[in-house]
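This report concerns only the one structure given below.
The values are calculated or read from the model by the stated rules, or taken from the named source; none is laboratory data. Since the model is a prediction, treat every value here as computed from it, not as a measurement. Virtual Cβ from ideal backbone geometry, glycine too; neighbours counted across all protein chains shown. These accessible areas exclude ligands, DNA and RNA; they are computed on the full protein's heavy atoms, side chains included. Shrake-Rupley method; radii C 1.70, N 1.55, O 1.52, S 1.80 Å.
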Amino acid sequence: MTDRAVTGHEYPDRLPAQRDVALVEVLDRALGAGVVITGDITLSLAEIDLVHVSLRLLIGSEPLFIGEQDQ
Amino acid sequence: MPAGGNAAGAERVNDSLGWYAYCVVPARAELTLDGLAGVDPPFGVEVMVSGDVAAVASQVRLSEFGADALKRNLEDRAWLERTARAHDAVVTRALEAEAVVPLRLCTIFSTGERLLAMLQEHEASLVGELRRVWGRAEWAVKILADPASAEVDTRADLPASGRDYLARKREQRSAREDALAQIDAAVGEAHARLRPHAVASALLRAQNADLSGRRGWMVHNGAYLVDAGRVGDFTAAVGDLATELRPRGLQVELTGPWAPYNFVTTGGFEP
């Protein structure tokens, strides 16, 4: 098993805190999830939906599951 | 106060700045943000408080993060990678707070006042989101299967006849279906064993293999919202699962903690 647990406390230097996780993991989350609140800058990007950017990158193979949430 | 100054040695035209918001935390959160780089490297990360909530935010140059620049930069894979990783690094650091509500990449305001106005407008909804993820983080468990394990060619010799050929095809298909059914059962069991250790779970789509560079099928991509106090139990359960599934040709991967990206509302809020 690969355990890649890291915390935010490991990066004392002034560097972007790069975790050893795949870019696709980060993009799935930062582009595909999280709360959408339109800032006034992002609002003016009406023609570009950020999700479209992510889909261009992420679409390629058929998804095996559709995301679903259970509580 | 933005840390850092102009790019070393370069003469810079006065560059308009905006505010990039990474996530929302409780107003009284104590975070160590010294030395953490923002998405725009000249600027560090700060907390902007409004009532009971606060936004973790950075200044950004509009020459990089303004509307026109974003259209260009979001298509630039290297820029996107740097920005997304810097974004996630800040959001993950914010896990020091009792609760984090991550915002989508590139939530940008032309002024600090507009950012604060947003917080004020949505304060009640944001407090609700913070409560749902209080003391919790997201952990991701993936299971990968080797496609070769489902392709079983039982005979080395050539088929003796057309009927023989067809019979072998049926056998192969049947063996393949059995293998897939077993994988499916293993995944169902795995999720059923992990689910009780979490407050909530989300089944995510399999990651794009071209982007991830993985070989093999991703047969499970689960996100689990786990209380801080239950992380030990959860990771132990994942470890047990990995041990049991390895001889069955299935690989288990754990990453985390992540801020609860998959457990906050992804829609906009009601005004």
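Here's the picture: charge each Lys and Arg Cβ at +1 and each Asp and Glu Cβ at -1 in the stretch B:48-92, and of B:Ala69, B:Ala84, B:Ala57 the one pushed furthest to the positive end of that dipole is B:Ala69. For chain B, a/c is not less than 1.5, where a ≥ b ≥ c are the root eigenvalues of the C-alpha gyration tensor, and a/b tops b/c. That puts it in the prolate class.
Here the Gaussian network model covers chain B, with springs between Cα atoms less than 10 Å apart; of B:Ala175, B:Ala55, B:Ala228, B:Ala175 fluctuates the most. In loop segments of the stretch B:144-234 as defined by DSSP, the trypsin sites (Lys or Arg not before Pro) with at most 16 further C-beta atoms inside 10 Å of their C-beta are B:Arg155, B:Arg215.
Between B:Asp34 and B:Gln182, the C-beta separation translates, for a Förster distance of 51 Å, into a calculated FRET efficiency of about 0.50. According to the square roots a ≥ b ≥ c of the eigenvalues of the Cα gyration tensor, what is the shape class of the stretch B:172-237, taking rounded for a/c under 1.5, prolate for a/b larger than b/c otherwise, and oblate for the remainder? Note, shape of the stretch B:172-237 comes out oblate. Placing unit charges on each Cβ (+1 for Lys and Arg, -1 for Asp and Glu) gives the stretch B:154-271 a dipole about its Cα centre, and among B:Val226, B:Thr243, B:Gly213 the Cα reaching farthest toward its positive end belongs to B:Gly213. Take every Cα pair under 8 Å whose residues are at least 6 apart in sequence, average their separation, divide by the length of chain B, and the relative contact order is 21 percent. Taken per residue, the accessible surface of chain B reaches 46 Å², heavy atoms only and a 1.4 Å probe. Distance between the pseudo-spin-label points of B:Glu98 and B:Asp227 (7 Å out from Cα toward the beta carbon): 1.5 nm. Largest mean-square fluctuation among B:Trp258, B:Trp217, B:Trp19, in a Gaussian network model of chain B whose springs join Cα atoms under 10 Å apart, belongs to B:Trp217.
Summing +1 for each Lys or Arg and -1 for each Asp or Glu, what net charge is found among the other residues whose Cβ lies under 14 Å from the Cβ of B:Glu113? Taking every other residue near B:Glu113 into account, the sum is -1. Each Lys or Arg adds one and each Asp or Glu takes one away; over the other residues whose Cβ falls under 9 Å from the Cβ of B:Leu130, this sums to -1. Qualifying GluC sites (Glu not before Pro) in the stretch B:15-102, where qualification requires a DSSP coil assignment and no more than 14 other C-beta atoms within 10 Å, comprise B:Glu30, B:Glu75. Charging the Cβ of each Asp and Glu at -1 and of each Lys and Arg at +1, and nothing else, the dipole of the stretch B:136-271 about its Cα centre rounds to 240 debye.
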